[in-house]
Every structure is written in structure tokens, then in C-alpha cells.
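> My questions all concern the structure below.
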Ligand code: LMR
């Protein structure tokens, strides 16, 4: 029976990362997967994570299942991190949540709950969006419409086009928004633009579904959540998928959360029960380790301060790299790369063709996606000159 199944192509992101790992060129530059890498090219373990982990290992008394909604300290800490400690919705009990296996699990549980409410609901996704959004939400049965978002010619959000397209979104539809650090383009909405989206959601009745996988890596933890919080202050309902992969470096621990902002506390409770039943049919219970670490960090003053300091340093370094990369690329290629400095988070498109991205791989061992999306956090003092020279050479060819 199973022999009829063909081998599928490699994942466009993970497959390229594997190709980069296999490349023996000592000068290779891997800008593929969105993981934070330090100056030595390693994805570091946060000091606060090490400390929390040590305490956890010493104190752990059981490996019994986690409760279906996950660790209470993690849920409380993440609700506050995402919505803000002063959130009126939180104070009113209008937010519930469920711990999930990573941000992907969070998106999937959000999709399951949406599909339970409106089977086959239309989800409006930005063009472009993270490619995995489509199979993650689509395999539940949700349908997709694109809204225009990124204007490649001038590397900015085409907000007029976005608004124009979203005028068609109506009650029963979902609009998927990137909370900050847009993946793949790095171009984010201004607070004013978030305000316009809130007006539209109020008038048209669509449900915002916010993917905030990169909180803390654009302009800091608070500013990165400002758009989401603006919506939360005005709208009755919203779903959020958040993750500790990037901002705590817990990638392999699969630590995420789906949050439900509801009209009242009863609906919040109902939504949590829906999410728990959805989780039961997909994976039953969430993994413990990452969420116990994150919950401890979020609830312990010293660990939290330590974590925020380290995360702040990473955010600053990414923004510094953006400026430096812009200067080096402009010097080598003689064209404007100012957008790199304006964009936020780990990703930007360099504006190269797929052929040029492939030439960078084959001729220079510089790995980026065919769309020319780069992981800025993969740049460092040791590879930035080589990278800029390689891009310059490919642009001149
Ligand atoms: C990325 O976009 O590179 C990351 O979100 C990792 C992934 O799973 O694709």
C-alpha cells in the first residue's frame, strides 16, 4: 500500500539549511532558517534558560503528563507578555490560552478552533507570508485569500493595496497578521496602520489571527506587541499564536501558546475547552520542558531581568547588523539597500532574482532562500565582507 507514495521535495527552508550544513567551503554563509546566531555563528542557549533548566532538573519530581492546557505559570506569564500587564481584557478574564508544541502548534490549534466555529472559513494571508502558514492552517480545512502587502519595488508595505483587498473581508472571515518582524519581508505596519486595521475589523467584523513569533527581536518586547495590544483594546475577539523559540532560544523545546481574546470570561473559558479538545485529537498533551523553563523565567524577577537583558542585546545586535550590512552592500553593489535598515527582525529580502540567489549558492556558498530572504542574524563580523562581495559580484554578473 505505502509503496505508491512518492518521495517529496525537500522543504524550501529546511532543505536549504541542510544543503548549507553539508557544504564543505570554510567561507560558507548560512542565512536560511530563522534562528538567532551569535558572532561565532552559533545559536546560543540563554543564560537564564541554563539557570532555569538546572533548577528544573534538580527539582523535577515527576514525568507524568502535563495538564492539557499546559503549565499555569507559563500560561499566566505569556498572557502578560503578549497582552501587557495592564491589559483590561486580562483583568476582565477575557483571555484564555493553551500551551502548544511551538508556534506551529499554536497556529494549528488556532486553526482547529476557527474551523470548529466556521468550517472552511476564509483566511486572508499577506502576500508574501511564511510558506508554512498555508499547510498548517489549510490541512484543517480553512481556505485562503491573499491580500497585497509587500511592494517589492520599493521594499515597503503597500498599505493602500492591503486596505483595498481587506475591504472584502467580512464577518466569518479571518485575517492573519504578523504581529511584528514580518516573515519573510521584515516590513511591519506602523501603529497608525494597526489603528486602521482595528477600524476595519470593528466595521466589517472579521477576526484577526495574529502570529507573533518574534516578539522582542524588532524594537523590544513592549514595542513589538504595541499593534497587537491596540487591536486587543478595541476588539471583542482575536486569536494569537506566540512562541518562545526565538525570544528565549527554545527552538527545539517546542514552546508555544495559543491565546484567545473573547467577548467575556464565559466565552474565554469555552474557547479554552475547544482548544483542549482540539489538542486531544491532534497530540493530546503538550511537551513539558520548554514551557516549564519559560514559565520559571517569566515568573522569577532575577531570571526575567537576566533574560530581558540578553534578549535586548540580541535585538540591538540585529539592528546594528542591519545598518552595517546596508553600508557594506551599498559599497560593493553601488545601489540603495536602505530598506535593510528600515525593516525589522530577522528577515529581509535582498531584492535578488531566484537565479541570483542560486548563483550565490553555487558560486560562493552563500545560502539564502530563492526569494532572496536572508536571516540577518546569520551575519557576523567574520562573514559580512565576504557576503557583501559575493552579492556585489552576482549583481554585476
Ligand atoms: C523560518 O521561517 O526560517 C523559521 O520560522 C523556521 C521555520 O520553521 O521555517
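Every number in this text was worked out from the coordinates using simple rules, so none of it is lab data. Quick caveat: nothing in here was measured; it's all calculated off a predicted structure. Heads up, the Cβs are rebuilt from the backbone with ideal geometry, glycines too, and the neighbour counts pull from every protein chain shown.
> Any chance you could run the full-extension gain for residue 22 through residue 2? It's 0.36 nm times the residue separation minus the Cα-Cα distance, nm to one decimal. Numbers along the way, then the final one.
Numbers: separation 20, 0.36 × 20 = 7.20 nm, distance 2.98 nm.
Gain in length upon complete extension: 4.2 nm.
> If you fit an axis through the alpha-carbon atoms of helix 102-117 and take the longest principal axis of the Cα set of the chain, what angle between them do you get, 0 to 90°, nearest 10?
Between the helix axis and the principal axis of the chain, the angle is about 50 degrees.
> Report relative contact order for the chain in percent, whole number only (criteria: Cα-Cα under 8 Å, sequence separation at least 6).
Relative contact order of the chain: 26 percent.
> Grab the DSSP H runs of the chain that are 4 residues or longer, score each as -39,500 (n - 2.57), total them, divide by all residues and round the 222 nm result to the nearest 500 deg cm²/dmol.
On the way: 16 runs with 186 residues, N = 397.
Taking each H run of at least 4 residues, the total per residue is -14500 deg cm²/dmol.
> Report, in degrees rounded to the nearest 10, the 0 to 90 angle that the Cα long axis of helix 72-83 makes with the longest principal axis of the chain.
Compared with the principal axis, the helix lies near 60 degrees.
> Looking at the chain, what % of the alpha carbon pairs are farther apart than 29 Å? Each step should come with its number before you reach the end.
Values: 34740 of 78606 pairs.
It works out to 44 percent of all Cα pairs.
> Turning to a different aspect of this structure: Quick check on the range 193-278: take the gyration tensor over C-alpha atoms, sort the square-rooted eigenvalues as a ≥ b ≥ c, and tell me if it's rounded (a/c under 1.5), prolate or oblate. Write out the running numbers ahead of the final one.
Details: a/c = 2.59, a/b = 1.17, b/c = 2.22.
Oblate is the answer for the range 193-278, as a/c is 1.5 or above yet b/c matches or exceeds a/b.
> Please arrange 244, 43 by how many other C-beta atoms lie within 10 Å of their C-beta, fewest to most. Provide the component values of the computation, followed by the final result.
On the way: 244 30, 43 14.
Placing the least packed residue first, the sequence is 43, 244.
> Anyone know which of 169, 22, 278 comes out most mobile in the 10 Å Cα GNM of the chain?
Highest fluctuation of the listed residues: 22.
> Within the chain, what percent of beta bridges assigned by DSSP are antiparallel, to the nearest 5?
Working: 18 of 37 bridges.
Antiparallel bridges: around 50 percent, rounded to the nearest 5.
> Let me ask something else. Is the range 28-147 rounded, prolate or oblate when judged by the Cα gyration tensor, a ≥ b ≥ c being the square roots of its eigenvalues, rounded requiring a/c under 1.5 and prolate requiring a/b larger than b/c?
Details: a/c = 1.88, a/b = 1.20, b/c = 1.57.
Note, shape of the range 28-147 comes out oblate.
> Before anything else, pin down the relative contact order of the range 47-104: Cα pairs under 8 Å, at least 6 apart, normalised by residue count, whole percent.
Numbers: 20 pairs, mean separation 21.6, N = 58.
Across the range 47-104, relative contact order equals 37 percent.
> Considering Cα pairs under 8 angstrom that are at least six residues apart, work out the relative contact order of the range 121-270 and quote it in whole percent. Walk me through the intermediate numbers first.
Details: 251 pairs, mean separation 27.4, N = 150.
Rounded, it is 18 percent for the range 121-270.
> Can you classify the range 328-373 as rounded, prolate or oblate using the Cα gyration tensor, where a ≥ b ≥ c are the square roots of its eigenvalues, rounded means a/c under 1.5, and otherwise it's prolate if a/b beats b/c and oblate if not? Write down the numbers at each step before the final one.
Numbers: a/c = 2.14, a/b = 1.38, b/c = 1.56.
The shape class here is oblate.
> Related question: Hey, what's the Cα Rg ratio for the range 216-260 versus the globular rule of thumb, 2.2 N^0.38 Å? Working shown, then result.
Details: Rg = 12.0 Å, N = 45, 2.2 N^0.38 = 9.3 Å.
Compactness ratio reported: 1.29.
> What is the angle, in °, between the Cα long axis of helix 47-59 and the longest principal axis of the Cα atoms in the chain? Nearest 10 is fine, range 0 to 90.
Relative to the chain, helix 47-59 is tipped by roughly 40 degrees.
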